[in-house]
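Participant: Quick one: the structure is below, and I'll ask about it shortly.
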């Protein structure tokens, strides 16, 4: 696809969990080439095929969760000319993903086999981006990194400045995916940081939101951001209420027993379960503080 400004932006379906329309990566082509998001480790072959013959300047990852940065190590190994750009707090986990792997095993043991195991990114290829640092790909294609915590303390968004396309990672939820709960995955979600992030993204007035899950939104952008903020508030109110009546498994069961979730893909049900567990951990941490 091309943005409204003519910036060449290609959306690649990474077939997350083997299901179409669940995970996306985006290729930006100026004089040099960059990819935004790397998908799960199992996405590496898809991305490498689409990047065949390219000199890859940058691999931009919004955060280290395996559905976003899982293939970064493999891409870096196959493209030693590329720099992996991430939040300063993410670098140690990209260089040594062992703790990340164990965390995913514990948080979602049924989903973990569908991710695959990530390779470490060579430290020489890692770059800790500053907030508002820019990356010039030439031919008018320029990317600005934004520190946007909330979903995770190491979350970034990337703004392609000429087209004002915002690569939102998990900062503003999903687009057109059957599970419609906020992305409150373990270990915990920072509600206040998320509100600050949403205010910042709203003020940027992007012309398009490019979602990792999944696709591009060009109309109703402010409405989507506002709606996601309201959804977060309603979600935590609901989980807090259910938590007073049931244990964690009981809360998960009540959420998944909703009629609208009866026919969804099993991996989507597991994703909802993970978001419920993350919300419960967030509430527990708030009580303990």
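The values are calculated or read from the model by the stated rules, or taken from the named source; none is laboratory data. All of these numbers come straight from a predicted model, not from anything done at the bench. Because the Cβ atoms are built from the backbone with ideal geometry, glycine has one as well, and the counts that use them run over all protein chains shown.
Participant: Quick one: which of 225, 264 is surrounded by 13 or more Cβ atoms within 10 Å (Cβ to Cβ) and part of a helix (DSSP H, G or I)?
Facilitator: 225
Participant: Moving to a separate point now. For the list (1) at pLDDT below 95; (2) under 17 Å from the mean Cα position of the chain (by Cα), I need the number of the one condition that residue 146 fails.
Facilitator: (1) is the only condition that residue 146 fails.
Participant: Go through the stretch 107-130 and report how many residues are within 16 Å of residue 67 (Cβ to Cβ) and in a helix (DSSP H, G or I).
Facilitator: Matching residues across the stretch 107-130 total 5.
Participant: Moving to a separate point now. Restricting the first residue to the stretch 82-99 and requiring it to be at positive phi and in contact (Cβ under 8 Å) with a residue 12 or more places away in the chain, which pairs with a second residue that is in a strand (DSSP E or B) and surrounded by fewer than 24 Cβ atoms within 10 Å (Cβ to Cβ) meet a Cβ separation below 9 Å and a spacing of at least six or different chains?
Facilitator: none
Participant: When the residues of the stretch 239-249 are narrowed to those that are surrounded by 12 or more Cβ atoms within 10 Å (Cβ to Cβ) and over 24 Å from the mean Cα position of the chain (by Cα), which ends up farthest from residue 67 (Cα to Cα)?
Facilitator: Across the stretch 239-249, the extreme among qualifying residues is 246.
Participant: Within the stretch 226-236, can one find any residue that is under 18 Å from the mean Cα position of the chain (by Cα) and farther than 21 Å from residue 286 by Cβ?
Facilitator: No, the conditions are met nowhere in the stretch 226-236.
Participant: Within the stretch 78-95, count every residue that is over 17 Å from residue 153 (Cβ atoms) and in a helix (DSSP H, G or I).
Facilitator: 2
Participant: Another question about this same structure. Can you work out which of the residues in the stretch 131-150 that are touching a strand residue (DSSP E or B) at 6+ places or on another chain (Cβ under 7 Å) and not in a strand (DSSP E or B) is surrounded by the fewest Cβ atoms within 10 Å (Cβ to Cβ)?
Facilitator: Taking the candidates together, the pick is 132.
Participant: Within the stretch 59-77, can one find any residue that is at pLDDT 95 or above, more than 17 Å from the chain's Cα centre (by Cα) and in a loop (DSSP other than H, G, I, E, B)?
Facilitator: No: the stretch 59-77 contains no residue that is at pLDDT 95 or above, more than 17 Å from the chain's Cα centre (by Cα) and in a loop (DSSP other than H, G, I, E, B).
Participant: Taking the condition more than 29 Å from residue 288 (Cβ to Cβ), touching a residue at least 40 places away in the same chain (Cβ under 8 Å), part of a loop (DSSP other than H, G, I, E, B) and within 17 Å of the chain's Cα centre (by Cα), does residue 175 pass? Talk me through it step by step, then tell me what you get.
Facilitator: Details: more than 29 Å from residue 288 (Cβ to Cβ): yes; touching a residue at least 40 places away in the same chain (Cβ under 8 Å): yes; part of a loop (DSSP other than H, G, I, E, B): yes; within 17 Å of the chain's Cα centre (by Cα): yes.
So residue 175 fits the description; yes.
Participant: Yes or no: residue 164 over 26 Å from residue 287 (Cα atoms), modelled with pLDDT of 95 or more and over 17 Å from the mean Cα position of the chain (by Cα)?
Facilitator: yes
Participant: When residues of the stretch 179-198 are filtered for being within 21 Å of residue 147 (Cβ to Cβ) and either out of contact with any helix residue (DSSP H, G or I) (no Cβ under 7 Å at 6 or more places or on another chain) or part of a strand (DSSP E or B) (or both), how many remain?
Facilitator: The total comes to 5.
Participant: For the stretch 192-215, state whether one or more residues are over 18 Å from residue 159 (Cα atoms), within 15 Å of the chain's Cα centre (by Cα) and surrounded by 21 or more Cβ atoms within 10 Å (Cβ to Cβ).
Facilitator: No, because not a single residue in the stretch 192-215 is over 18 Å from residue 159 (Cα atoms), within 15 Å of the chain's Cα centre (by Cα) and surrounded by 21 or more Cβ atoms within 10 Å (Cβ to Cβ).
Participant: Closer than 30 Å to residue 252 by Cα, part of a helix (DSSP H, G or I) and touching a residue at least 40 places away in the same chain (Cβ under 8 Å): is that true of residue 42 in this structure?
Facilitator: yes
Participant: Would you pick out the residues in the stretch 199-222 that are in a helix (DSSP H, G or I) and over 18 Å from residue 160 (Cβ atoms)?
Facilitator: Selection gives 199, 222.
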